[in-house]
Structures are given as structure tokens and as C-alpha cells.
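All remarks here apply to the structure that follows.
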Protein chains: 2
Amino acid sequence: MHKVLRFDVLEYKERVRRVKERMDANGIELLFLVDPANMNYLTGYDGWSFYVHQGVLLTLEDDQPHWFGRQQDSNGARITTWLDEEHIHGYPDFYVQSRYTHTMVYVANLIKEFKYENKNIGVEMDNYWYSAKSMNVLRQELPCAVFKDATNLVNWVRTIKSPAEINYMRQAARICEHVMQTAIDAIDIGIWEKDVASKVVAAQIAGVDGYGGDSPAIFPIMPSDIRTSTAHLTFDPDRKYQKGDVVLLELSGCRFRYHAPLSRTLYLGEPPEGLRKIAQVVINGLQTTLDFIKPGITAEEVELRWRKCLEGTGVEKPSRVGYAFGLNYVPDWGEHTVSLRPGDKTILRPGMTIHFMPGIWLDEFGFECSEPFLVTEKGCEKLINFPEELFIKK
Amino acid sequence: MHKVLRFDVLEYKERVRRVKERMDANGIELLFLVDPANMNYLTGYDGWSFYVHQGVLLTLEDDQPHWFGRQQDSNGARITTWLDEEHIHGYPDFYVQSRYTHTMVYVANLIKEFKYENKNIGVEMDNYWYSAKSMNVLRQELPCAVFKDATNLVNWVRTIKSPAEINYMRQAARICEHVMQTAIDAIDIGIWEKDVASKVVAAQIAGVDGYGGDSPAIFPIMPSDIRTSTAHLTFDPDRKYQKGDVVLLELSGCRFRYHAPLSRTLYLGEPPEGLRKIAQVVINGLQTTLDFIKPGITAEEVELRWRKCLEGTGVEKPSRVGYAFGLNYVPDWGEHTVSLRPGDKTILRPGMTIHFMPGIWLDEFGFECSEPFLVTEKGCEKLINFPEELFIKK
């Protein structure tokens, strides 16, 4: 079957090598991954099949990971992964959402076939795709295995992007610029919110400059008015924009599942003084903090620099101000590794990609202006070129 | 804060009453829900915040469920739920993806506040949003509680739709017809696959007849050529449609998170005889089976009737041929309750909505033609009006 790979096989093999280094350091002999981004990272697998149990098994001794999934999805693995036929395992359909058995019985049998049932097995304990039931069934079926928590083990390997990954993220960044401009051009008093959202999602997929897009890991977050007082509401399909609306836009471009997210804020009418002031404080703080970022400083030092910019301004920001991002699937383009917040001692290194996102959500309205950046050898580089301002339409 | 509710408060209260009946029948005194669709069903909560831990707690004694989530999302609960201020709980940001503590510590403290730490607690053991780690932490923090598996407890209550829910699903059906027609009109030899996908997602959000749409729980599944040999690949953003392509379209309309999914197949050129034959068999089987469906028969009897239509035709279908659907979020519009397959003894009842989806995926190509239907008092009603045929463009 003809394969369509997004990276050179050598790059996948290097990823496997780096993951094995971490497995060994953590005393893990077999790693069981369920996170779709981690599965993709090691094998290339790319399909919307994660709503049933599936995964990747990697042992310290094998050069290739094993993919397993529903039988009807196994051709998807043949097409999108670099794995050979012996490393692709389709399970029968009766396991799917069964009330009598569980897919982890099948997985346990695979692990027994590999003769790893008495070994140290790493599992992603706090992952969306690894349910409490999955853990229970595996423990029951493999009573002699030692289970270790490997949550985010591969995510941490993913934090340093390769040149080929950065290339896709730059393409996603071009798409994102186009998407954000589309939104800002389309929003106006009297326009249906859904009609703007429709143009936004169309631009996300159509892409630019010959780069087609993918559906991002988060739907377009574009609330207006009172819905901007909170972080994760979106447009109201039955509402038109009105004079006096604040509109928040948190939108991403996506290319082969690599993201480039951006936030901006638009006001319809003459903005209240309070909003103008917050915008000025946030934009100044953003620029000052970006100038400060370079390899060798820690994530918490970035947040501290930002927080100093707020001193005496009356603006408060009680939540984290950024997170690592890159390859991902729903429900989050965040990588669940580096967070820009007090206590995060991660040292920034070249190749890391972080969304600096100091969103402010007050009870009446919110303001967002963010920048995704790449840590370079000497400092940081904004991945996206888009004006940093409170956009105003009168 | 001004509330925007999609259903009457009385309807939410009736749902709570029906869920409590099931809790009582299962010996559950406090139900802890994490499934975003179940949270929405009982409270109205609608936001893209499920990528962090959040949930709903319902006790047998209280008339209202409790919502908890990240502090910055609590205004989202104030706006979209019918709950009063005492039933909305925002947790501090340091719990988010922390390496030192876990949101379930916060949840355990809430349960202690409610004085339910020694009671029978139902949890959704095999749900995407209930990780193995969540279970571990809760067990540790609440050593005297008895945990019971409440996976799909609320999903089963959701299987029977109210008139107001069916109304939204009919609106979603109108959107879906528009979306499918948009796709079929746009696909042609030499057209970029991404440009068709872009029109599809735009139509999903723009809606029709004044009904704005939402982002469906599954991205547009629209593979071509060899990618149709499997169930869950989509368009290739860097490919143009070619003569001889089979294109599968599994697309949904979505209205206030209620879905209406549909599958159709299009061929570019003169279809091979094998594909024509499969199409004829599937479409005949579809119609015969729909005529057979009425309240009182079981899910497995529907599948058996379908399977009989295949006898002697050479067409095989080894996976389930349908599933209940309705209200949902990513990654699945399926309800995880009724499956049309051998062994499912569920008796069909008026108000159930099922996607009859006998997809065929062979090694060279696939064929899909499906119908979502509503079980009525006397039979079943197709929710969507769209021609059942192999669409051909020469």
C-alpha cells in the first residue's frame, strides 16, 4: 500500500532513539502510548480514530514501534506510518465499546506475545485517552507487570522541534496570519457571528501560498460581549455583532497537525478607557518580555519578567501566561510540558516553541494579545507577524 | 450575569430527575461526571474547556448539580448553565497540568464539603476525560468512599430525546443536507481537496435557514482514492482530485452540539463494476432495513435484517452497522450506548436517534451510504432527505 509520510524515515528513527533514552532513564522496558500526538510523533499515524482505544507499543529492544487499532483503521496505519506489516495490528470490532470485554484485553495479549508481561511498563496515567478502566483491565490481565507513570514522557521529547517540524510550524503561521486577517476584516456591527466563524474555518483549511491546512486541535474561540469575560466560550450562532462589543479571537493555523496559534482583540465602537489601558499594559509587557527571552533562562523567569511589567498598573493576571505547543490533536494544541508560571524550572532551549498568551478575563470583558515564539540560539523569534494592537472598528 | 440557555429550566430539572432514578437503581449517592456531553445535558455548560479537568457533581439530595472547573472558565458556567452561584465552583490555576498536585485533590475536598466522602460515588471509569490518574488520586484522597462504575449512565438517559432535542437535531439535519450538497457540488477532477474541505467546514458553521451551526464532534471525514480503504482518514491537503477517485463523505451538521451525520460516496469517472455492485447492494439493504425498523425490535435484530440483505451478494461487513448519536463534543458524535450489532439486546424505543452506517472499506476503495433515523411510535423516520445513490461525475 502506498505510504504518504510527512517526515523522512530517518527523522522518525531519531525520535524513537530519543524516546528510548528517556525510557531507559526511567526504567521503562515497554512504553504504551495512547496520546494521538505521541502516536503520530513516533509512527506518523494520522487519523480521526482515537475515539476508540488504540495505541503504540515501543520496547527497548525493537527498532520500530507497534501500532494497534481497530481493524477498519489498520489500512490507515499502512498508509500514514513508516511501520512494516509486522508492526501493524488490527483488532476485531467486537472490542469496540463492548459491555463484555475491553480492548485492553487485546493489548495485554499483544504484550504477552512480545514476552513483556513481567517487565516494567510505562503508561500515560493522566492522558485523555487512558481511562481508569484501561488501567484496571491491564493490571488485571498483566498481574506480574510493574506499571510506571509515563505521562508526558514523549511530550517532553517533543518540546525541542527539528528543522522539518519548524518548517511546518512556519507554514501554519502563514495560515494563521491569513485566518486572523480574515476574521478582523469580516467582523462588523450587524454581521452574524456565525458568518464570520464560517469564514474563519474556511480560511483555516484552505490555507495560503499553496499550503493546505488541517482542522486545528481547538475550535475557533471567538466570543463577543459578555462571553469575553471567560476563557473558552466561542461565537453565538444566533447573534449579530453589536456596537460596543469586545470580540476575542484565539485562532490557529494547522499544517500536518502542527499548530501556530494567535490571539487578538477587536472592539466595535469607541473603546472604553479601561480596555484601552489594559491593551496598552499587555502590549508593552508582551514586547518587554519577548525582548528578555533567550536560551538558558527558566520558564518561571519569563513569567516573573511579565509580572513586573504589570506592577503598579492595576492589571492582574492570576493564571499562567503561556505554554509549549506544536503537534497535536483535539482537545488541545498545548503540549502539557513547559508552562510560563511561578515554579516551572524548565530551562528554555533552542527549538522550543511556546505560546506567550497573557489573556485577561474580567467580569465585564476580556483582552487578549499573544505571540507564539521559537527559542533560537541567541533569543527568541516571533513565529507570526501580525500587528500588536487593540483593533478598533467604528 | 445574563444567562443564555438552550432549553427550558424545567427540561434540565426533568433530566436531573431521570438521572437520579438511575443513580438510585445503581446504588449511587453522588455521581461525578466528566463527559462534556453529560455535563451539558444536566447543566447546559458549553465551552471548550474540557482539555483541563472539570466536571459535574450530583447528589441524590440536591435539586441542582454542582459545576466545577478552572477559575477562568467559571464565568462560562455562569453564562451557559441554569445553576445558581452556590453550585458553581472555580479552582485556582495552579492545579492545571501541575507536576505537584492534581485537580482531583480539589474535587475530593468538594466532596468532603458536601459530606459525601463515606458514600457510594459513581465515576465514569471508561471515559476519555476520566484518566487512570484521576481515579488513583480520588481513591487516595477519599479512602472511605465506595467507587462504582457509572460509565455511560447518563448516556443511556440521553438515548431518548425530548421534542426540544429532536427539534435541534432536525435543524442540524437541514444543515447537513446543505453541507453534503456543498461537498458534492464542489468535488471535481483537478480541484484541490483542501478547497472542497474548506467549503464544507464553512457550510457547517454558516448553517441554513437562519440556523447557525457549530463545529461538529468529528472533523470532516472525506478521503479520496486509496485513503478510502480505511475508516478515519480525511482529505490530503496537498492533493487534487483525479479521474478514477472514489471520494467518501462522512459529514455532520451540528446545532447547539446536537448532530445529524450522513455518509455518501462520489466517483470521478466511470465507476468500476465492483463499486457499482456494492453500491446497489448497500442501498437496497439500507432501504429494506429501514422499512423493518420499529419500536420493540432489538438493535441486534436490525443488524440481522441488514446482514440477510447481504447474503449471496459477496459483500461483507464485519463491523457494527450503526450507533446512537445526538448531543456531543469531540472526539465522537456517537453516544456509546446502542450499537447495531450482534449481541446488542437494546429494545428500540420512540425518541431514540440512530445513525445506520453500513460503511464498506475494502483494500482498494470504500463505499458509504448511511441514514440517521428517529424511532417513532410506529416505525422510523429518516432525519435527513438526501438521495441514496453512488454519485458520479464524469
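The values are calculated or read from the model by the stated rules, or taken from the named source; none is laboratory data. Computed from a predicted model, the values in this text were never measured in an experiment. Methodologically, a virtual Cβ is constructed for each residue, glycine included, from the backbone with ideal geometry; neighbour enumeration extends over all protein chains shown.
Tabulated data for the structure shown
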| quantity | calculated |
| --- | --- |
| Residue match in region A:34-55 (condition: surrounded by fewer than 17 Cβ atoms within 10 Å (Cβ to Cβ), in contact with a helix residue (DSSP H, G or I) (Cβ under 7 Å, 6 or more places away or on another chain), closer than 19 Å to A:Y168 by Cβ and not hydrophobic (A, V, I, L, M, F, W, C)) | no |
| Where B:R174 falls short, out of the listed (1) more than 23 Å from A:V330 (Cα to Cα); (2) away from chain A (no Cβ under 14 Å); (3) of a type outside the set (G, A, S); (4) under 20 Å from the mean Cα position of the chain (by Cα) | (2) |
| Residues of region A:1-49 that turn out to be closer than 23 Å to A:N118 by Cβ and in contact with a strand residue (DSSP E or B) (Cβ under 7 Å, 6 or more places away or on another chain), as a count | 11 |
| Selection status of B:Q204, in a helix (DSSP H, G or I), under 21 Å from A:V179 (Cα atoms), modelled with pLDDT of 95 or more and assigned by TED's automatic domain parsing to the domain that holds B:V247 | yes |
| Single condition B:S263 does not satisfy, out of (1) of a type in the set (G, A, S); (2) outside any loop (DSSP other than H, G, I, E, B); (3) without any contact (Cβ under 8 Å) to a residue 60 or more places away in the chain; (4) within 17 Å of B:L390 (Cα to Cα) | (3) |
| Qualifying residue in region B:311-319 (condition: outside any loop (DSSP other than H, G, I, E, B) and either under 28 Å from A:A217 (Cβ atoms) or outside the structural domain of B:G44 (by TED's automatic domain parsing) (or both)) | no |
| Count - residues of region B:333-357 that are part of a loop (DSSP other than H, G, I, E, B) and either of a type in the set (S, T, N, Q) or touching a Leu at 6+ places or on another chain (Cβ under 7 Å) (or both) | 1 |
| Of all residues making up region B:358-394, the number that are assigned to a loop (DSSP other than H, G, I, E, B) and either touching a residue at least 12 places away in the same chain (Cβ under 8 Å) or touching a strand residue (DSSP E or B) at 6+ places or on another chain (Cβ under 6 Å) (or both) | 20 |
| Qualifying positions in region A:218-231 - touching a Leu at 6+ places or on another chain (Cβ under 9 Å) and more than 7 Å from chain B (Cβ to nearest Cβ) | A:P220, A:M222, A:P223, A:S224, A:T228 |
| Those residues of region A:189-222 which are touching a residue at least 60 places away in the same chain (Cβ under 8 Å) and touching a strand residue (DSSP E or B) at 6+ places or on another chain (Cβ under 6 Å), in sequence order | A:I189, A:P216 |
| Some residue of region B:266-278 being over 21 Å from the mean Cα position of the chain (by Cα), in a strand (DSSP E or B) and under 23 Å from B:V208 (Cβ atoms) | yes |
| Conditions (1) at pLDDT below 95; (2) within 23 Å of A:Y95 (Cβ to Cβ); number of the one not met by B:Y323 | (1) |
| Among the candidates B:E85, B:E117, B:E113, residue that is among the acidic types (D, E), over 24 Å from the mean Cα position of the chain (by Cα) and either crowded, with 22+ Cβ neighbours inside 10 Å or within 14 Å of another protein chain (Cβ to nearest Cβ) (or both) | B:E85 |
| Positions within region B:172-214 being over 17 Å from B:L266 (Cβ atoms), surrounded by fewer than 19 Cβ atoms within 10 Å (Cβ to Cβ) and β-branched (V, I, T), in sequence order | B:V208 |
| Selection status of A:N127, more than 12 Å from chain B (Cβ to nearest Cβ), polar (S, T, N, Q), over 22 Å from B:S215 (Cβ atoms) and part of a loop (DSSP other than H, G, I, E, B) | no |
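Yes/no matrix, rows are residues, columns are (1) of a type in the set (G, A, S); (2) over 22 Å from the mean Cα position of the chain (by Cα); (3) away from chain B (no Cβ under 13 Å):
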position	(1), (2), (3)
A:A197	yes, no, no
A:G207	yes, no, no
A:K243	no, yes, yes
A:V246	no, yes, yes
A:Y258	no, no, no
